[in-house]
1. Evaluate segment 1-152: find the radius of gyration of its Cα atoms, find its Kirkwood radius, and give the ratio Rg to Rh.
2. Rg (Å, one decimal) plus Dmax (Å, integer) for the alpha carbons of the chain?
3. About its Cα centre, how strong a charge dipole does segment 194-399 have in debye, to the nearest 20, once Lys and Arg get +1 and Asp and Glu get -1 at the Cβ?
4. Rounded if a/c is under 1.5, else prolate if a/b is larger than b/c, else oblate: which is segment 179-332, with a ≥ b ≥ c the root eigenvalues of its Cα gyration tensor?
5. Just going by the charge dipole of the chain, with Lys and Arg at +1 and Asp and Glu at -1 on Cβ, which of Ile291, Leu81, Ser68 is farthest out on the positive end?
6. About the Cα centre of the chain, how large is the charge dipole given +1 on each Lys and Arg Cβ and -1 on each Asp and Glu Cβ? Please answer in debye to the nearest 20.
7. Taking amide H atoms as placed 1.01 Å from N in the peptide plane, list the residues 5 or more away in sequence, or in a different chain, whose amide H sits under 5 Å from that of Leu132.
8. If you put +1 on each Lys and Arg Cβ and -1 on each Asp and Glu Cβ, how big is the dipole of segment 36-176 around its Cα centre, in Debye rounded to 20?
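Taken together, the values in this text are just the output of simple stated rules run on the coordinates, not laboratory data. Bear in mind the structure is a predicted one, so any value in this text is a computation, not a measurement. Note: ideal-geometry Cβ built from the backbone for every residue, glycine included; neighbour counts use all protein chains shown.
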Amino acid sequence: MREYKTNCRYFQGDKPCKFHKNEGIYCEACSNFSLIEEKILIIKLAAPGDVLRTTSILLALKKKYPKSRIVWVTKKNALDLLNGNPHIDLLLEYPNPAVNRLWIENFDLVINLDCDFESASLAVVAKSPRKLGFGCSEDGRLIPFNKEAEYWLEMSLFDDVKKANQNTYQEIMLDICGLNAQENSRPVFSLTKEELDFGDNFIKTHGAKPSFLTIGINAGAGSRWPQKKWKRDSYGELIKCIKGKYSADIILLGGPEEIDLNKYLIEQAPHEVINAGCRNTYRQFAGIINICDLIITGDTLALHLAVALEKRIVALFGPTSMAEIDLYGQGEKISAEMDCLSCYKNVCDKSLTCMDALTVEKVFAAVESQLQETEKYKRNKDSCSLGKTRNILEQAAKWG
């Protein structure tokens, strides 16, 4: 029987490692052997956007534990966002086979960053002498494993603490994990050649012009926080403002929940937008975001993908925390001037909601500012901007 090294970071157990798969190398002759010194389990089962932004801990984690093997447990709907991540050695789908495996396997460190009982109970079951983040007690209470996790738990329990917070999500998570918040904390996400080609082929198929600015608009916000949506007619006015001043291709982004919304926007401006469709996989969706020079979106998965792919961003905020989102200097966060921001309410009791109070003028000003920061605009200013001197907002109102 051939020798195989179960203490290697790349050992899979039930299938060939990538070096044997790609190059036919056997363990005894492999120069890529990497001895595991720490086995780390990360549990993150929450919404896909939260899963993606939590990958911001990986670079600092690998720097602190360079010879670690990282196992990440998540739900099926987020697997695509973690596939191919170079810092994750094994990706497990919850509940199976993750649950069965965690009854048996030992880890040196378990990290659970979700304040919910599903994740917390899984963290308690996992076998490790050291745990960070959140677990639950035998009487069913959610508890922090370490002192640094207490602040995030308080933010989950008390609206006023959540609203007053000025730390980014990345800073808070790195602190819980005992990692240096000054390290590179950008979410980790990379596209394969096939996914890059998908984006490039999208441009060719839909007649977009490579010389034009390409702007992606994600007008939806999912069903969890419906109050995060900006008015659909405001998006319609914004599209006309952009088209009135810039040589730009506008791509409507979205998932299954945005089908009706995007259909409405297309009906209002049938010749001014390109429909990306609402049935793309997450990775196809990311491939389309990758071809954009600017992404306009609310607090959504599109925002987190745009951050990871280093796109220019205009991010619209209302009932969720603007302070928690780090754009890494590549965009602008905007909101209405209201005292009730970051309320995290599913239903608003105000006559004018924070998102409805956000004006087209304010969003368009942010769009202009960010477009002028794009490399394509800087290289070819005259062809990107039509240079018209009319009042774009007044004209849009006439069109409306």
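1. On the Cα set of segment 1-152, Rg over Rh gives 0.99.
2. So, for the chain, Rg and Dmax equal 23.0, 79 Å respectively.
3. 440 debye
4. oblate
5. Ile291
6. Dipole of the chain, to the nearest 20 debye: 880 debye.
7. Close amide H contacts, sequence-distant or interchain: Val110, Ile111, Asn112.
8. Charge dipole of segment 36-176: 480 debye, to the nearest 20.
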